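J.: Below you'll find the structure I mean.
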Amino acid sequence: MRQGSMKWRYLKQGIFLWVVRIAALIIAAALGGILFFIFVNGIGAVDWTFLTEPPRDSMTAGGIMPAIIGTVYLTLGAVLVAMPLGVTSAVYLSEYARSGPAVRFIRIGINSLAGVPSVVFGLFGLSLFVVYLDFGSSILAGSLTLAILILPTIIGSAEEALKAVPQTFREASLALGVSKWQTVSRIVLPNALPGILTGSILGIGRAAGETAPIMFTAAAFFTTRLPGSVFDEVMALPYHIYVLATAGTRIEETRPLQYGTALVLIALVLGVDLAAIVIRSYIRRKKRW
Amino acid sequence: MRDGDIIVTQDVNFYYGSFRALTGVNISFEKNRVTALIGPSGCGKSTLLRLLNRMNDFIEQTRVEGKVLFEGRNIYDPEVDPVEIRRRIGMVFQKPNPFPKSIFNNIVYGPRLAGGMSRTDLESLAERSLKQAVLWDEVKDILGQSAMMLSGGQQQRLCIARALAMKPDVLLMDEPTSALDPISTAKIEELMEGLKKDYTIIIVTHNMQQAARVSDYTGFFYLGRLIEFNRTGKIFTTPDMKQTEDYITGRFG
């Protein structure tokens, strides 16, 4: 009897373990499937010419170099704006703000911002940056729009990273007669850096992949010219895919180009992620507690 | 206020929100003596300790009434800079809390930010502080290594050295040995004896033998009030109050 119930318990444990394993496998398989699908369909289109030349023949041939450059500029611009702003806000929320209605209101604002559909950001960017501030459809307007889009991600993860720094570090520093600001800048921020970078990585991925926010604010349908200033329009990878797949002259014929562009976009994002993960784990290894 | 007193509290009340944690505390700490604060958990002894260098400032919704005089000046006066107070009244915490930096950089962290010291100054300061904390011989060859590699007892002595490097007048110790083994505890008690010459020490402890061993004066707290304050010898042999006697003989607490 006792033996039997033990067996049953082991069996239950075994079944549960497999359920969990399979759930994890399904997720991994879905991701792998998507990557594989894009890779197989896209790799044929990707060669040196594809990466280094502008599109030709009404975008049915040639490469996507202007779109690669454009996406890099837009993403870089967005992170350059959103990271200082986001980290500063997170420092305020986590280190300085005393809980009260004002802070609650700010938090609700940030959370709502995270839930806003990206096309709304696009329209907001259009009316504020493109029209009202008269930046035109430009790298500047697009970067600022994307920056607002990724701000909640960066604030959220930076705040979490700051909160994860042990309270005892702050106390130790403050008790030595070190000012609050010095404590934040010398102890808290350096120890939160790996987590802050993680948030920015996620931000980069999101900014690089979004179409709706840039379609009214930065993205050109077609240009062979490389941007000369932040007030120029650029092509961008996600928008280029969208254009080829919906508004191109010969949609079916350009399928390989669409997959090729998608593959380049994914490779770009994964490449950035990978680089940042390496940096992060290097910093993390140096700082242990 | 007696002549040799460095810190005196006058009718101090302290509130966490609407909860009164300390009621009418009048206590004076004599210079170059060790004073122990004892009492059951939640009696307010740690709260009082953290009041003395304004570490309670960082806890939201707290309020202080009364005066805390440090060398005759109320440290809760609006024009007093709490950062300055904390430089002169150092603190060692219950759990060793070294920074994830090298041993050397832990010690010189505070003085370096305070400014005005050359590299050589900092080096001799580090040596002096580590010697005072009786850690120098164990770490003099590994000053560049991470402080996180040290044992718990060594880490706590490092934290003492780090506090001493600010050259404070007073050292507050909040149950400094409660996370340590008996040998490390003995080492820290021993070094406290040596520190008395140059510093005033105020220690919160749960360990009554420790209070009896290291302190000159003892204050017994219960439910946020200072029940009895006297020479340690007197408190532990012939206390005036029944509650004190009950606590030190282990009848409650």
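The values are calculated or read from the model by the stated rules, or taken from the named source; none is laboratory data. Note that the structure is a prediction, hence the values are computed from the model and not measured. Neighbour counts run over all protein chains shown; Cβ positions are idealised from the backbone, glycine included.
J.: Could you identify the single residue in A:Val131, A:Val103, A:Val120, A:Val116 that is out of contact with any helix residue (DSSP H, G or I) (no Cβ under 9 Å at 6 or more places or on another chain) and surrounded by fewer than 19 Cβ atoms within 10 Å (Cβ to Cβ)?
T.: Working: A:Val103 fails: out of contact with any helix residue (DSSP H, G or I) (no Cβ under 9 Å at 6 or more places or on another chain); A:Val120 fails: out of contact with any helix residue (DSSP H, G or I) (no Cβ under 9 Å at 6 or more places or on another chain); A:Val116 fails: out of contact with any helix residue (DSSP H, G or I) (no Cβ under 9 Å at 6 or more places or on another chain).
Sole residue among the options that is out of contact with any helix residue (DSSP H, G or I) (no Cβ under 9 Å at 6 or more places or on another chain) and surrounded by fewer than 19 Cβ atoms within 10 Å (Cβ to Cβ): A:Val131.
J.: Which of the residues belonging to region A:134-161 are within 15 Å of A:Pro84 (Cα to Cα) and in contact with an Asp or Glu (Cβ under 8 Å, 6 or more places away or on another chain)?
T.: Once the filter is applied, which keeps residues that are within 15 Å of A:Pro84 (Cα to Cα) and in contact with an Asp or Glu (Cβ under 8 Å, 6 or more places away or on another chain), region A:134-161 yields A:Leu146, A:Leu149.
J.: Which residue pairs have Cβ atoms under 8 Å apart, sit 6 or more places apart or on different chains, and have a first residue in region A:112-134 that is of a type in the set (Val, Ile, Thr) and a second that is part of a helix (DSSP H, G or I)?
T.: Qualifying pairs under 8 Å: A:Val119/A:Ala212; A:Val119/A:Pro213; A:Val130/A:Ala141.
J.: Oh, and also: In region A:238-255, which residues are surrounded by 15 or more Cβ atoms within 10 Å (Cβ to Cβ) and over 27 Å from A:Asp134 (Cβ atoms)? Even if it seems obvious, please write down each step before you answer.
T.: Pass one, region A:238-255, residues surrounded by 15 or more Cβ atoms within 10 Å (Cβ to Cβ): A:238-245, A:248, A:254-255.
Matches in region A:238-255: A:Ile241, A:Leu244, A:Ala245, A:Gly248, A:Thr254, A:Arg255.
J.: Among the residues of region A:105-124, is any within 14 Å of chain B (Cβ to nearest Cβ) and among the basic types (Lys, Arg)?
T.: No - not one qualifying residue is present in region A:105-124.
J.: Then there is this: Report yes if B:Val108 is within 14 Å of another protein chain (Cβ to nearest Cβ), at pLDDT 90 or above and surrounded by fewer than 18 Cβ atoms within 10 Å (Cβ to Cβ), otherwise no. Don't jump to the end; show me each part of the working.
T.: Numbers: within 14 Å of another protein chain (Cβ to nearest Cβ): yes; at pLDDT 90 or above: yes; surrounded by fewer than 18 Cβ atoms within 10 Å (Cβ to Cβ): no.
No; evaluated as a whole, the condition is false for this residue.
J.: May I ask you to list pairs of residues, at least six apart or on different chains, whose Cβ atoms are under 6 Å apart, with the first in region B:75-86 being within 13 Å of chain A (Cβ to nearest Cβ) and the second being part of a loop (DSSP other than H, G, I, E, B)?
T.: The qualifying pairs are B:Pro82/B:Arg54; B:Val83/A:Gly177; B:Val83/A:Ser179; B:Ile85/B:Asn53; B:Ile85/B:Arg54; B:Ile85/B:Ile75; B:Arg86/A:Gly177; B:Arg86/B:Asn53.
J.: Among the numbered conditions (1) at pLDDT below 90; (2) over 21 Å from the mean Cα position of the chain (by Cα); (3) not small (Gly, Ala, Ser), tell me where A:Ile69 comes up short.
T.: Every condition holds for A:Ile69 apart from (2).
J.: Return the total of residues in region B:147-193 being touching a Pro at 6+ places or on another chain (Cβ under 7 Å) and either buried (at least 19 other Cβ atoms within 10 Å of the Cβ) or away from every other protein chain (no Cβ under 14 Å) (or both).
T.: The number of residues fulfilling the criteria is 8.
J.: Which residue, of A:Thr183, A:Thr145, A:Thr211, is over 30 Å from B:Met91 (Cβ atoms), buried (at least 20 other Cβ atoms within 10 Å of the Cβ) and of a type in the set (Val, Ile, Thr)?
T.: On the way: A:Thr183 fails: over 30 Å from B:Met91 (Cβ atoms); A:Thr211 fails: buried (at least 20 other Cβ atoms within 10 Å of the Cβ).
On inspection, the qualifying residue turns out to be A:Thr145.
J.: If you go through region A:23-31 one residue at a time, do you hit one that is modelled with pLDDT of 90 or more, in a helix (DSSP H, G or I), touching a helix residue (DSSP H, G or I) at 6+ places or on another chain (Cβ under 8 Å) and surrounded by fewer than 17 Cβ atoms within 10 Å (Cβ to Cβ)? Spell out how you get there, then give the answer.
T.: If we filter region A:23-31 for residues that are modelled with pLDDT of 90 or more, which is where we start, we get A:23-31.
Checking the rest, the ones that are also in a helix (DSSP H, G or I) come to A:23-31.
Next cut, touching a helix residue (DSSP H, G or I) at 6+ places or on another chain (Cβ under 8 Å) only: none.
Within region A:23-31 (the criterion being modelled with pLDDT of 90 or more, in a helix (DSSP H, G or I), touching a helix residue (DSSP H, G or I) at 6+ places or on another chain (Cβ under 8 Å) and surrounded by fewer than 17 Cβ atoms within 10 Å (Cβ to Cβ)), the answer is no, since none of the residues qualifies.
J.: Suppose we keep only residues that are aliphatic (A, V, I, L, M) and within 23 Å of A:Gly77 (Cβ to Cβ) within region A:180-206. Which one would you say is farthest from the other protein chains (Cβ to nearest Cβ)? Don't jump to the end; show me each part of the working.
T.: Quick first cut of region A:180-206, residues aliphatic (A, V, I, L, M) only: A:184, A:187-189, A:192-193, A:196-197, A:201-202, A:204.
Subset that is within 23 Å of A:Gly77 (Cβ to Cβ): A:193, A:196-197, A:201-202, A:204.
Numbers: A:Leu193: 12, A:Ile196: 16, A:Leu197: 17, A:Ile201: 23, A:Leu202: 25, A:Ile204: 27 Å.
Taking the candidates together, the pick is A:Ile204.
J.: Quick one: in region B:44-74, which of the residues that are within 13 Å of chain A (Cβ to nearest Cβ) and not in a helix (DSSP H, G or I) is nearest to B:Gly219 (Cα to Cα)?
T.: By that ranking, first place goes to B:Leu52.
J.: Right, another one. Report every pair of residues separated by at least 6 positions or lying on different chains whose Cβ atoms are under 6 Å apart, first residue within region A:224-235 and farther than 14 Å from A:Ser137 by Cβ, second assigned to a loop (DSSP other than H, G, I, E, B).
T.: A:Thr224/A:Pro54
J.: Could you list, in sequence order, all residues of region A:148-179 that are crowded, with 21+ Cβ neighbours inside 10 Å and among the polar types (S, T, N, Q)?
T.: A:Thr153, A:Ser157, A:Ser173
J.: All but one of (1) exposed (fewer than 14 other Cβ atoms within 10 Å of the Cβ); (2) in contact with a strand residue (DSSP E or B) (Cβ under 7 Å, 6 or more places away or on another chain); (3) in contact (Cβ under 8 Å) with a residue 40 or more places away in the chain hold for A:Arg56; which doesn't?
T.: (3)
J.: Let me confirm something: among A:Gly44, A:Gly86, A:Gly77, which residue is surrounded by 10 or more Cβ atoms within 10 Å (Cβ to Cβ) and assigned to a loop (DSSP other than H, G, I, E, B)? Can you show your working first?
T.: Values: A:Gly86 fails: assigned to a loop (DSSP other than H, G, I, E, B); A:Gly77 fails: assigned to a loop (DSSP other than H, G, I, E, B).
Answer to the selection: A:Gly44.
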